[in-house]
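The values are calculated or read from the model by the stated rules, or taken from the named source; none is laboratory data. Here the structure is a predicted model, which means the values were calculated and not measured. Because the Cβ atoms are built from the backbone with ideal geometry, glycine has one as well, and the counts that use them run over all protein chains shown. All accessible areas refer to the heavy atoms of the entire protein, side chains included, with ligands and DNA or RNA removed. Shrake-Rupley method; radii C 1.70, N 1.55, O 1.52, S 1.80 Å.
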Amino acid sequence: MSRLDALRGPTPPLDHNARSIAALAANPACDRRAVLDAVGVDKNLMAVHLGYSAQFGQSPFAVVRTRQFEEIVRAGGGAGLLPLLREALGLSIDTARWESADESADEGGGESAEEGAGEAHAVRHTRTEALVARAAGDPGTAVVLDRLLLRLDVAGHEVHLEPGVLVFQAGERFHVVTIKPFAVVDGQAETGRVSAAAREAAVYVHAMRALLVRMGLAPDRVSHDVVLVCPENFSNVPTASLLDVRRELSVLAWQLARLTRIDRILDGLPSGLSLDLRIEAGVPTRPAADLDEAVSGIAARYAPECLSACEMAYFCRAEARSGGALDALGRAVRDDLGGVETVGAAIGLATGTRTATAGEQGVAERLRHIRKIYQETVAQETVA
Ligand code: SF4
């Protein structure tokens, strides 16, 4: 039994998806997230059992909205999509073939529970490889590939990525096409949503490049420019723009490499640590206090950004606040006060009640200077 299996207990590991893999990049310095993801525990179930339920993931309304918009973009064999791709990528093609790696969906079968079975995955992945190979061998024909099933090695496990994007090839280049239901108004979309879409699309670019490498093809045939398709100005009319995901790709590659070195983190964990929820009939039975102690034994790196990226956010936030950790104030504060771990320590340095260590001298001087300015400003305001 591997160390990861031993940590998880008898429950089967949870599969990743593009969203969960993309979220890894949101906080790459967090050991706790790295361990929980590598182990494959159900973080949502864990958080709920610990008493820190998070309204995480897409709301049912958002799921329906996403599906509706995807259907609009796919309608008529993607007839409305081609002009958008042509304009976004500066192409002059008239037609593109549309091919799907999921024949059951073409026949109306759609995504069923059984589809997750290993055999169905294998069939679909084989078809994915065949479609990509055919497209790569015929760069003169534009083609849109739908419902591909990609594979990725995460922490030594092979995970499947469910179709959330289209892949378009024209000329020698493949482009990931991601369809999102958030509005682009006057050419602008909400920054947070665009960033999340870029992180997610980067997972598909990474997985497509890995597939090309396995097929003996050059990975850079998959472009780092992703086509983002969104509704325009609150209508249902799609519009397309290009997203450069090079930064997200490098963060993702670093984090995935870090996950494959998970043994180093495991070596630092308390001996006898278990993350087993002791699930019986779908319900965790392990005493919450016991589980709390176990999870707290893995170092976390909480930042407010966790609230939109990790199921454990409320648990970690409460922990960071109770310990007075600077992390709870955000990465900017933490980076500015590098080396100082707690709010109490920062106040002590600013007021002089704490003696600065050699590594804290610079931060202490800055804090005292800021405190002096603050006190002078308050004094002037009081006199006025
Ligand atoms: S919420 Fe907790 S476990 Fe998740 S990334 Fe943030 S600090 Fe790590």
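Tabulated data
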item	result
Residues that are basic (Lys, Arg) and either open to solvent by 60 Å² or more (accessible area, probe 1.4 Å) or touching a helix residue (DSSP H, G or I) at 6+ places or on another chain (Cβ under 6 Å) (or both), drawn from segment 73-95	Arg86
Meets criteria (among the hydrophobic types (A, V, I, L, M, F, W, C), over 22 Å from Glu232 (Cα atoms) and either open to solvent by 20 Å² or more (accessible area, probe 1.4 Å) or in a strand (DSSP E or B) (or both)) for Val177	no
Pair list, Cβ under 6 Å, 6 or more apart: segment 326-353 residue at positive phi, other residue assigned to a helix (DSSP H, G or I)	Gly330/Pro304; Gly339/Gly359; Gly339/Glu360
Qualifying residue in segment 45-64 (condition: away from the ligand (no atom under 16 Å from the Cβ), in a helix (DSSP H, G or I) and open to solvent by less than 60 Å² (accessible area, probe 1.4 Å))	yes
In segment 141-162, the residues that are open to solvent by 30 Å² or more (accessible area, probe 1.4 Å) and either at pLDDT below 90 or within 23 Å of Asp15 (Cα to Cα) (or both)	Arg147, Arg151, Asp153, Gly156, His157, Glu158, His160, Glu162
Flag if Gly282 is at positive phi, away from the ligand (no atom under 11 Å from the Cβ) and not hydroxyl-bearing (Ser, Thr, Tyr)	yes
Near pairs, Cβ below 7 angstrom, 6+ apart or cross-chain, from segment 8-28 (closer than 25 Å to Ser250 by Cα) to any residue that is polar (S, T, N, Q) and within 16 Å of the ligand (Cβ to nearest atom)	Leu24/Gln255; Ala25/Gln255; Pro28/Gln255
Test: residue in segment 2-18 that is out of contact with any strand residue (DSSP E or B) (no Cβ under 9 Å at 6 or more places or on another chain), farther than 18 Å from Ala201 by Cβ and of a type in the set (Asp, Glu)	yes
Helices (runs of 4 or more DSSP H) (entirely within segment 299-375) containing at least 1 residues that are closer than 30 Å to Leu273 by Cβ and either touching a Ser or Thr at 6+ places or on another chain (Cβ under 7 Å) or not charged (D, E, K, R) (or both)	313-322, 343-351
When residues of segment 5-20 are limited to those that are in a loop (DSSP other than H, G, I, E, B) and farther than 15 Å from Val154 by Cα, the one nearest to the chain's Cα centre (by Cα)	Pro12
Filtered residues of segment 188-202 (kept if open to solvent by less than 10 Å² (accessible area, probe 1.4 Å) and closer than 14 Å to Arg246 by Cβ)	Ala198, Ala201, Ala202
Selection count, segment 13-44, where residues are surrounded by fewer than 18 Cβ atoms within 10 Å (Cβ to Cβ), away from the ligand (no atom under 14 Å from the Cβ) and not charged (D, E, K, R)	2
Boolean, Leu45 is in contact with a strand residue (DSSP E or B) (Cβ under 7 Å, 6 or more places away or on another chain) and at pLDDT 90 or above	yes
Given (1) surrounded by 11 or more Cβ atoms within 10 Å (Cβ to Cβ); (2) without any contact (Cβ under 8 Å) to a residue 60 or more places away in the chain, index of the condition Ile262 fails	(2)
Residue list for segment 272-298, filter: open to solvent by 70 Å² or more (accessible area, probe 1.4 Å) and either within 21 Å of Ser2 (Cβ to Cβ) or not in a strand (DSSP E or B) (or both)	Gly272, Arg278, Ala281, Pro287, Ala289, Glu293
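Each row is one residue, and each column tells you yes or no for (1) assigned by TED's automatic domain parsing to the domain that holds Ala47; (2) more than 10 Å from the ligand (Cβ to nearest atom).
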residue: Tyr302; (1), (2): yes, no
residue: Ala318; (1), (2): yes, yes
residue: Leu329; (1), (2): yes, yes
residue: Gly348; (1), (2): no, yes
residue: Gly352; (1), (2): no, yes
residue: Gly359; (1), (2): no, yes
